[in-house]
Amino acid sequence: MSERESNTENKTCPACFNKIDRRATKCPYCQSYQGVRRVAAFVAAIGGVLLLLTLILGAFFMEFGALRQLFHDDTNYADQVTIQSSKMFLGPTPAYEPEDGKVISVVGRLTNDSPRVLSFIRMRIEVKDGEDQLVDSFEGTISGPLNPSDSTTFRVDSHNRVHLPESDYRTHIINVRQATAGS
Ligand SMILES: [Zn+2]
């Protein structure tokens, strides 16, 4: 067998089974890459499939996150709760007999300016004296449901009895800390 003959020896294309030149890098019948190029083409195809899968799964999980957000929204809408009015007074609470002393109570009205039905609102109230010094602080919660753009009244009582001259309980500020839609 001469060198020329061995070089022109045929092989079978693994894709279409036609006899082709063994040196061919691409089958003339079916255009399949041969040898190392066949492996490279296969790897490229697998890479393409993996990329496509990644994109599909990524899109699915992004959408899934959006769905989860829809059904279980733990966003804090505190900055979208507006205190419309509030008033502080010192007096007995149902928990105390009048002779047991007084507590600070704050009553007011707030509005849900968020796009969701709020099920839980937590606010912190700070009471200050004439020198703007903090004399008491306490938290209160409101349970919903409170529809978007609806208002509700609230009342929050301090836990501490009034122990300073009543004139020291001068001003109060209300910070809404938490407002959640829940699920
Ligand atoms: Zn072929």
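The values are calculated or read from the model by the stated rules, or taken from the named source; none is laboratory data. Because the structure is a prediction, the values reported are computed rather than measured. Virtual Cβ from ideal backbone geometry, glycine too; neighbours counted across all protein chains shown.
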- The condition from (1) surrounded by fewer than 11 Cβ atoms within 10 Å (Cβ to Cβ); (2) within 10 Å of the ligand (Cβ to nearest atom) that LYS26 misses is numbered (1)
- strands (runs of 3 or more DSSP E) (entirely within segment 104-183) containing at least 2 residues that are under 27 Å from PRO92 (Cα atoms), hydrophobic (A, V, I, L, M, F, W, C) and out of contact with any Leu (no Cβ under 7 Å at 6 or more places or on another chain): 118-128, 134-146, 171-180
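Every residue, every condition in (1) under 30 Å from ILE125 (Cα atoms); (2) among the aromatic types (Phe, Trp, Tyr); (3) modelled with pLDDT of 80 or more; (4) surrounded by 11 or more Cβ atoms within 10 Å (Cβ to Cβ), yes or no:
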{"site": "VAL36", "(1), (2), (3), (4)": "no, no, yes, no"}
{"site": "ALA40", "(1), (2), (3), (4)": "no, no, yes, yes"}
{"site": "LEU51", "(1), (2), (3), (4)": "no, no, yes, no"}
{"site": "LEU55", "(1), (2), (3), (4)": "no, no, yes, no"}
{"site": "GLY58", "(1), (2), (3), (4)": "no, no, yes, no"}
{"site": "GLU63", "(1), (2), (3), (4)": "no, no, no, no"}
- So THR54, is it among the polar types (S, T, N, Q) and away from the ligand (no atom under 16 Å from the Cβ): yes
